[in-house]
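Reviewing the structure listed below.
The values are calculated or read from the model by the stated rules, or taken from the named source; none is laboratory data. These figures come from a predicted structure and were not determined experimentally. Methodologically, a virtual Cβ is constructed for each residue, glycine included, from the backbone with ideal geometry; neighbour enumeration extends over all protein chains shown.
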């Protein structure tokens, strides 16, 4: 049961009645009509903007239309009161029995509560992490990993067919540098004194393992070979080794991708050729000379004819080159091939989760997707800002190139994957995030992962006590759904039910806006409402969950808290977090 969706249909039905009786014009577009929670809960349970968005096309005053519509809504069986406010908002209050029915529906739906048909099975590709295979994942990569995985889970719960993808950037100079760095460690493993790591090489200790593994497999085979012979094999071996490490780190975070796409394989299979052919067929490629980049002195700029994509036709700032000066494809070209490939595999909505340093790349990539798909594909880019890792407020330094950094695996081993996943979603992805290794383990209201988990654990504790004190009360969802829920009359009890009833709407809104952090905020609100109710019962024995000598009221309150635990568990499942049965 989704009260907002249900009453949107109620409002539309009443508007259609006004159209049928001639009060409103027949061609009125009702698509902008919305039913949402009012900004102030004191104003009611639901609010609709119908009069505000329809007044002008209907040729009437908003307040007059609101009054007319309000009269019809007052006759609905579940509506206890209707109020017209301001310029024409309509606020609705619903009978308590409606909310009791919502709670029963929540219990009966079980894990499927909140599932939506919003996506109607449409294919969505979510690409995330996609870190260069040049070293272990850092805590910075963790944010994109968690945001992407949660976004994929939300889209799936909202009814989309989701593919989780990792794009391996295994072409270009950075992997050649990786190969040379690994080869150096290979020589070291065979007993050679390599001295100081050359400038520009990857100095990380993790490459010692790669070098030792290559030496164990091939022995001194490559020592006397020229670079042209050993470089391809060292590159392949290093990439495969580090991608195995990446997969292990992601698995420790509870993340599994459906598809791993190799940039090198895509290019070698003609993926960029397909891009060029597609763009040329649409007249979107030409040979031209770009203006010098801003901020560079004229002597630094060598004007030369280039193969250019007409990116400005699709909202980009400048046209973009497809080939480098040496004739090889630009990174942008292979990235275009990646997105065209995803679209041709059936995904019309493409979601990319990128790091903070890719913000300037968004316009050109959106232009490319629009051009390559003739406007049929949509690219949504989620930029993840930096994570500031601290311990008791003191920054923990990270530098991948310097080989001095905190790996994702180290953080998981210290605080656990569930903590990492939850904390990464407590801020909007495009806002910086502070991650204090000490604070995230505190058992306090200021630690959101503890506060939410504690709500679930508290419910489970109450249910265990109830099993001992009231063994005759069956705790299965169907029995609790059929209990005397009308005994739930306290304002905070009803407020909690209303909050639980927002979960389906929250899932849809998070999917539509690409904002998985909304789930974290919602779960915190649910936990706060539950803890507040628990505290209220501690102070007032009549409001406790277990009432001695009153099994009917006890059963109703068990229904309420079981529904609460169910919604919390559903939200945590979207985050890939395991709800706990008890706190230790």
### Task
Go through the residues of the range 192-210 one by one and say whether even a single one is out of contact with any helix residue (DSSP H, G or I) (no Cβ under 7 Å at 6 or more places or on another chain), within 30 Å of residue 577 (Cα to Cα), in a helix (DSSP H, G or I) and assigned by TED's automatic domain parsing to the domain that holds residue 239.
yes
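Every residue, every condition in (1) in a helix (DSSP H, G or I); (2) touching a helix residue (DSSP H, G or I) at 6+ places or on another chain (Cβ under 8 Å); (3) closer than 21 Å to residue 118 by Cβ, yes or no:
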{"site": "4", "(1), (2), (3)": "yes, yes, yes"}
{"site": "7", "(1), (2), (3)": "yes, no, yes"}
{"site": "17", "(1), (2), (3)": "yes, yes, no"}
{"site": "23", "(1), (2), (3)": "no, yes, no"}
{"site": "26", "(1), (2), (3)": "no, yes, no"}
{"site": "30", "(1), (2), (3)": "no, yes, yes"}
{"site": "39", "(1), (2), (3)": "no, no, no"}
{"site": "60", "(1), (2), (3)": "no, no, no"}
### Query
For the range 85-117, what are the residues that are at pLDDT 95 or above, surrounded by fewer than 20 Cβ atoms within 10 Å (Cβ to Cβ) and in contact with a strand residue (DSSP E or B) (Cβ under 7 Å, 6 or more places away or on another chain)?
93, 95
### Leading residue by the ranking (nearest to residue 352 (Cα to Cα)) among those in the range 243-266 that are surrounded by fewer than 19 Cβ atoms within 10 Å (Cβ to Cβ) and touching a helix residue (DSSP H, G or I) at 6+ places or on another chain (Cβ under 6 Å)
254
### Task
Select from the range 283-296 the residues that are assigned to a loop (DSSP other than H, G, I, E, B) and modelled with pLDDT of 95 or more and write down the one among them that is surrounded by the most Cβ atoms within 10 Å (Cβ to Cβ).
284
### Summary
Residues of the range 62-84 being exposed (fewer than 15 other Cβ atoms within 10 Å of the Cβ) and in a loop (DSSP other than H, G, I, E, B), in sequence order, are 74, 75, 77
### Message
Being over 20 Å from residue 526 (Cβ atoms) and within 35 Å of the chain's Cα centre (by Cα) is the filter here; which residues of the range 480-515 pass it?
### Response
512, 514
### Message
Given (1) within 35 Å of the chain's Cα centre (by Cα); (2) touching a residue at least 60 places away in the same chain (Cβ under 8 Å); (3) not in a helix (DSSP H, G or I), identify the lone condition not met by residue 107.
### Response
(3)
### Query
Quick one: residue 188 ticks every box in (1) touching a helix residue (DSSP H, G or I) at 6+ places or on another chain (Cβ under 9 Å); (2) under 30 Å from residue 335 (Cβ atoms) bar one, so which box is it?
(2)
### Query
Taking the range 392-411 as the region of interest, how many residues are touching a strand residue (DSSP E or B) at 6+ places or on another chain (Cβ under 8 Å), outside any loop (DSSP other than H, G, I, E, B) and either modelled with pLDDT of 90 or more or buried (at least 17 other Cβ atoms within 10 Å of the Cβ) (or both)?
3
### Criterion (surrounded by 13 or more Cβ atoms within 10 Å (Cβ to Cβ) and more than 33 Å from the chain's Cα centre (by Cα)) met by exactly one of 238, 189
189
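With the structure loaded, tell me whether residue 425 is closer than 25 Å to residue 252 by Cβ, under 23 Å from the mean Cα position of the chain (by Cα), outside the structural domain of residue 524 (by TED's automatic domain parsing) and assigned to a strand (DSSP E or B) or whether it fails that test. Give the derivation first.
Working: closer than 25 Å to residue 252 by Cβ: yes; under 23 Å from the mean Cα position of the chain (by Cα): yes; outside the structural domain of residue 524 (by TED's automatic domain parsing): yes; assigned to a strand (DSSP E or B): no.
The answer is no for residue 425.
Let me confirm something: among 177, 173, which residue is under 24 Å from residue 265 (Cβ atoms) and free of Cβ contacts under 8 Å to residues at least 24 places away in the same chain? Break it down into steps so the answer makes sense when it comes.
Details: 177 fails: free of Cβ contacts under 8 Å to residues at least 24 places away in the same chain.
Going through 177, 173 in turn, just one is under 24 Å from residue 265 (Cβ atoms) and free of Cβ contacts under 8 Å to residues at least 24 places away in the same chain: 173.
Modelled with pLDDT of 95 or more, assigned by TED's automatic domain parsing to the domain that holds residue 327 and not in a loop (DSSP other than H, G, I, E, B): does that describe residue 240? Please lay out each step first, then the result.
Numbers: modelled with pLDDT of 95 or more: yes; assigned by TED's automatic domain parsing to the domain that holds residue 327: no; not in a loop (DSSP other than H, G, I, E, B): yes.
No: the conditions fail for residue 240.
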### Message
Residues to consider are 365, 382; find the one that is in a strand (DSSP E or B) and either modelled with pLDDT of 95 or more or in contact with a strand residue (DSSP E or B) (Cβ under 9 Å, 6 or more places away or on another chain) (or both).
### Response
382
### Summary
residue 471: passes all of (1) surrounded by 17 or more Cβ atoms within 10 Å (Cβ to Cβ); (2) part of a loop (DSSP other than H, G, I, E, B) but (1)
